[in-house]
Amino acid sequence: MRRLINQKPDVLSRLLLAALPFFLVFVAYALASQARLAANPDDKLLPGWATFMEAINRVAFVPDLRAGDYLLLLDTTVSLERLAIGVGIATLIGFVVGVLQGLIPYIRATLTNFTSVVSMIPALAILPILFITFGLGETAKIVLIVVGIVPFIIRDLAQRVEELPHEQIIKAQTLGASTWQIATRVVVPQVLPRLIDSVRLSLGPAWLYLIAAEAIAAESGLGYRIFLMRRYLSMDVILPYVAWITLLAFLLDFLLRALRRIAFRWMYRGHM
């Protein structure tokens, strides 16, 4: 008897199964929208597809009458810039501190408990403190992203360093390697793939912190536009913006996965 756990779909079946949940969501929305619009043609909660197309054309392809900007392009550029700076700084800090914390016993004893405690602080809870300290400009938004994700990256990389076979460290010392050489030639090459995975897993919270900060204090950005449109119940703009953010997040995750597979093929051979 063939067990279900051993049955694997072929290529076509995998594609169809992957598309099935998205198709069901679209069908469910179409049916719900049709029902609400039939009861009330002016309903704004679940707009029809024609309304969506009109709104997308307005924000993406028609310049804003007041500023002359293409709103979707402007918001996307501003948000991605904030996200890139915040995640980039967090990645650099998390990489350096994570490796040192996992490798050097004195640094591990000093920072492990502190990093654990900081990681438990809800980043959104300190957002008012950041606005008071850094003002309502770009700095507070970037710092929120950094504070929100850097403790996770540090803890994840430190754990990965501690999981490395201790025999490698002993052999390197036997061959006369210094601490710097052990860190750069033994530890770092094996930690870099984990760093990419840590950044991938941090993108979700990073987007959350970015949207929250933009919603509270910003003049442009994807989060700012969503919460601005909320005042007017403009679901025809809000839902496409949410879908656009989701697509951007998926593309960033895809690019990081591709980078990991290409740059560290030797380490992931047999796992793909």
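Structure values in brief
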item: FRET efficiency, residue 67 to residue 89 (Cβ-Cβ, R0 30 Å, nearest 0.05); result: 0.55
item: Centre separation in Å (Cα based) which lies between region 132-149 and region 86-126; result: 17 Å
item: Residue-normalised accessible area of the chain, expressed per residue, 1.4 Å probe, Å²; result: 62 Å²
item: Isotropically averaged projected area of region 164-272, using the convex hull of Cα atoms (one quarter of hull area), nm²; result: 10.0 nm²
item: Where labels lie 7 Å past Cα in the beta-carbon direction, separation of residue 23 and residue 50 in nm; result: 2.7 nm
item: Cβ crowding within 10 Å averaged over residues, with 211-217, 50-56, 23-29 ranked highest first; result: 211-217, 50-56, 23-29
item: Carbon plus sulfur fraction of accessible area for the chain, probe 1.4 Å, in percent; result: 69 percent
item: Inter-probe distance in nm under a simple model that places probes 7 Å from Cα toward Cβ, at residue 107 and residue 16; result: 5.4 nm
item: Net dipole in debye of the chain [+1 Lys, Arg Cβ; -1 Asp, Glu Cβ; about Cα centre; nearest 20]; result: 1020 debye
item: Surface/4 estimate of mean projected area, convex hull on alpha-carbon atoms of region 60-148, nm²; result: 7.5 nm²
item: Residue-span extension gain [residue 139 to residue 81] - 0.36 nm each, minus C-alpha spacing; result: 19.7 nm
item: Whole-Hz couplings from phi, Karplus 6.51/-1.76/1.60, listed for region 7-12; x for Gly and Pro; result: 8, 10, x, 7, 4, 5
item: From phi via Karplus (6.51, -1.76, 1.60), per-residue ³J(HN,Hα) for region 184-196 in Hz, x at Gly/Pro; result: 7, 9, 9, 7, 4, x, 8, 8, 4, x, 5, 4, 4
item: For the chain: rounded, prolate or oblate by the Cα gyration tensor [a/c cutoff 1.5]; result: oblate
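The values are calculated or read from the model by the stated rules, or taken from the named source; none is laboratory data. The structure presented is a predicted model; accordingly, all values stated were derived computationally and were not measured. Here Cβ is always computed from backbone atoms with ideal geometry, including for glycine, and neighbour counts include all displayed protein chains. With ligands, DNA and RNA removed, areas are computed over all heavy atoms of the protein, side chains included. Shrake-Rupley method; radii C 1.70, N 1.55, O 1.52, S 1.80 Å.
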